Amino acid sequence: MKTDPKTFHVKSFGCQMNVYDGDRMAELMAAQGLTATDDVNAADLVVLNTCHIREKATEKVYSDIGRIRKHAKADGRSPMIAVAGCVAQAEGEEIVRRAKVDVVVGPQAYHNLPQLVRRATDGSAAIDTDMPAESKFGALPARRRVAPGAFLTVQEGCDKFCTYCVVPYTRGAEVSRPFAAIVDEARALVDAGAREITLLGQNVNGWRDAQGRGLEALIHALDRIEGLARIRYTTSHPNDMTEGLIDAHAQVEKLMPFLHLPVQAGSNRVLKAMNRSHDRDSYLQLIDRIRAVRPDIALSGDFIVGFPGETEAEFEETLGLVDAVGYAQAFSFKYSARPGTPAAGMAGEIAPEVMDERLQRLQAALNRDQAAFNAATAGRRCTVLIERRGKLAGQMLGKSPWLQSVHVMTDAPIGSLVDVEIVSAGPNSVAGVELVQRAA
Ligand code: 5AD
Ligand code: SF4
């Protein structure tokens, strides 16, 4: 028998969807009367909300569990440990066998966390990795106080089956939440303090409802919510970038000029082997169409280097594509074989030192372009959503429309929108000067 936990800590790894899930699990446990603690080593219940997308994520989870246990033992405590997220989905019972955790709960089942915790108090592990047809969302409590920039999951899962990726297996098939449920949650977020909402989905631009409406319909609906100042969405697949959605970037002022549109590689042979279902030219044409309606749009992407069989010439095609697009920011990764994916069985493994060298060259190009993008915004005027305090007295940090981090000296509180002129730019952030001095 274990005693009922009184305090909890949720630690999320990986993507923004995991951050969202982690927040919702925290709300769920708070609604059960548990108190959140920032200190992982003080909590009676630790929820590790895991990611399985790359590298030795699974091993990291086991070493995290070991560390938490060791610390707890030294203090004479024995916290309950719940493993959630994509590693929970992929590993299931194996986690209980190896690490004797109390709860294992998959990304589509975490609404059952309170019951699982209750079941685990009798001493036997509680596991739920079901992917029920009924969505978990209806069973989650209402949103509480939220930060000025809030996430809202509208779509989950993936049917694209890129050959390197575990998401279709850990998150399941593509499912879109209903229109009305999303708009209601957006309103609740705004009532709880959100000024900006980022619509989330593994293929967010693949969102479709039963009436056949696409993501732009949701964006137009959110546009009408009073008090909501900014809308963003992520992550998008090039093939789901419809004309209606592109047009929304010209029509909806609240829709921020930023688009994360992963390409992964610049070579058609590699893209085909990845089962990306777009090619280099169709991607570049898409970028042209988006820039035609929203010339100032900041573009972001994801890249994988060292996919099985990638030659030097093919890698150079990725560098060429980077040059052609000019990304404002981007994420780049070394290919990592994921058990059970088609690419894991492909021939042509790339040597680690070649991967390292390619990643360095790619990141040098991406960093150069990010610095150039930031430098080009110097002199522009824009609004900044203030998100937190800076290090210096009177300094606040926020985001520009182009998702740059902006420092500004202002007495405006967190959650306000401040008009600034960008006066200087660094590689990872820019400095703004407030245009209208407000009353203290
Ligand atoms: N190896 C390396 N990177 C990967 N990604 C997904 N799966 C893998 C993998 N097996 C990257 C892709 C994706 C991002 C979220 O993670 O670039 O867009
Ligand atoms: Fe993974 Fe490809 Fe789906 Fe993105 S689109 S989640 S990379 S399978």
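Of all DSSP bridge pairs formed entirely within the stretch 143-376, close to 10 percent run antiparallel. Length gained on full extension, residue 121 to residue 133: 1.5 nm, using 0.36 nm per residue less the C-alpha separation. Counting only Cβ charges, +1 for Lys and Arg and -1 for Asp and Glu, the dipole size of the chain around its Cα centre is about 1020 debye. Computed over the chain with a Gaussian network model linking Cα atoms closer than 10 Å, the most mobile of 401, 178, 148 is 178. Using R0 = 41 Å, the C-beta based FRET efficiency linking residue 19 and residue 354 works out to 0.80. Hey, with R₀ at 35 Å, roughly what FRET efficiency would residue 429 and residue 183 work out to, going by the Cβ-Cβ distance, to 0.05? Efficiency, from the Cβ-Cβ distance: 0.55.
Straight-line cross-link partners of residue 391 among the lysines, defined as a Cα under 29 Å from its Cα and at least 8 positions apart when in the same chain: 11, 399.
Among bridges DSSP assigns within the chain, what percent are antiparallel (round to 5)? Walk me through the intermediate numbers first.
Values: 22 of 66 bridges.
Antiparallel: roughly 35 percent of the beta bridges in the chain.
Taking only protein heavy atoms and a 1.4 Å probe, the accessible area of the stretch 300-348 is 58% carbon and sulfur. Cysteines of the chain lacking any other cysteine Cβ under 4.7 Å from their own Cβ: 15, 51, 86, 158, 382. With all protein chains kept in place, the per residue accessible area of the chain amounts to 43 square angstrom at a probe of 1.4 angstrom. Cα centroids of the stretch 1-52 and the stretch 325-378: 32 Å apart. Defining a contact as two alpha carbons under 8 Å apart and six or more residues distant in sequence, what relative contact order in percent does the stretch 7-128 show? Computed over the stretch 7-128, the figure is 23 percent.
The values are calculated or read from the model by the stated rules, or taken from the named source; none is laboratory data. Worth saying up front: this structure is predicted, and the values here are computed from it rather than measured. We place every Cβ from the backbone using ideal geometry, glycine too, and count neighbours over all the protein chains shown. To get the accessible areas, we keep the full protein, side chains included, count just its heavy atoms, and leave off ligands, DNA and RNA. Shrake-Rupley method; radii C 1.70, N 1.55, O 1.52, S 1.80 Å.
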